[in-house]
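The values are calculated or read from the model by the stated rules, or taken from the named source; none is laboratory data. Note that the coordinates shown come from a computational prediction; the quantities given were computed from them, not determined experimentally. When we count neighbours, we look across all protein chains shown, and the Cβ atoms used for this are built from the backbone with ideal geometry, even at glycine.
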Amino acid sequence: MNNSLEMGLPEKFNIAGLNGGLTVTFYCSSCDMNVTRDIYDVNNMELALKEAWKEARKYFNRCHECGAWVCDDHYNEDVMKCISCHPK
Ligand SMILES: [Zn+2]
Ligand SMILES: [Zn+2]
């Protein structure tokens, strides 16, 4: 799904079917840290993604340089960038 960045979503995520819904997992760009959300009663994949991300984004930080979403360990809060762009 190559429009994920336009939607402001992480580049790494996974969608799996669940009985009557979807399980969406978002990953840190730099490691395997992930957050999973179960979404029910959504027929539209894009809406399901947005809904899942609304909750999951609380656990991620966005780099203001490269746009990557990373976990706390890979984020330099002082400059609001990931540690690939600006090592601590
Ligand atoms: Zn990480
Ligand atoms: Zn970055």
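Brief remarks on what is shown
- Residue count, segment 13-55 (criterion: assigned to a loop (DSSP other than H, G, I, E, B), within 16 Å of ligand 2 (Cβ to nearest atom) and not small (Gly, Ala, Ser)): 3
- Checking Glu77, Glu65 one by one, the residue that is more than 13 Å from Pro10 (Cβ to Cβ), modelled with pLDDT of 95 or more, acidic (Asp, Glu) and near ligand 2 (Cβ under 10 Å from one of its atoms) is Glu65 and no other.
- Only a single item in (1) within 14 Å of ligand 1 (Cβ to nearest atom); (2) crowded, with 17+ Cβ neighbours inside 10 Å; (3) modelled with pLDDT under 95 is not met by Cys28, and it is number (3).
- Looking only at segment 31-42, residues that are touching a helix residue (DSSP H, G or I) at 6+ places or on another chain (Cβ under 6 Å) and within 16 Å of ligand 1 (Cβ to nearest atom) come to 1 in all.
- Candidate set: segment 43-62, residues that are away from ligand 1 (no atom under 16 Å from the Cβ) and surrounded by fewer than 17 Cβ atoms within 10 Å (Cβ to Cβ); chosen: the one modelled with the lowest pLDDT: Asn43
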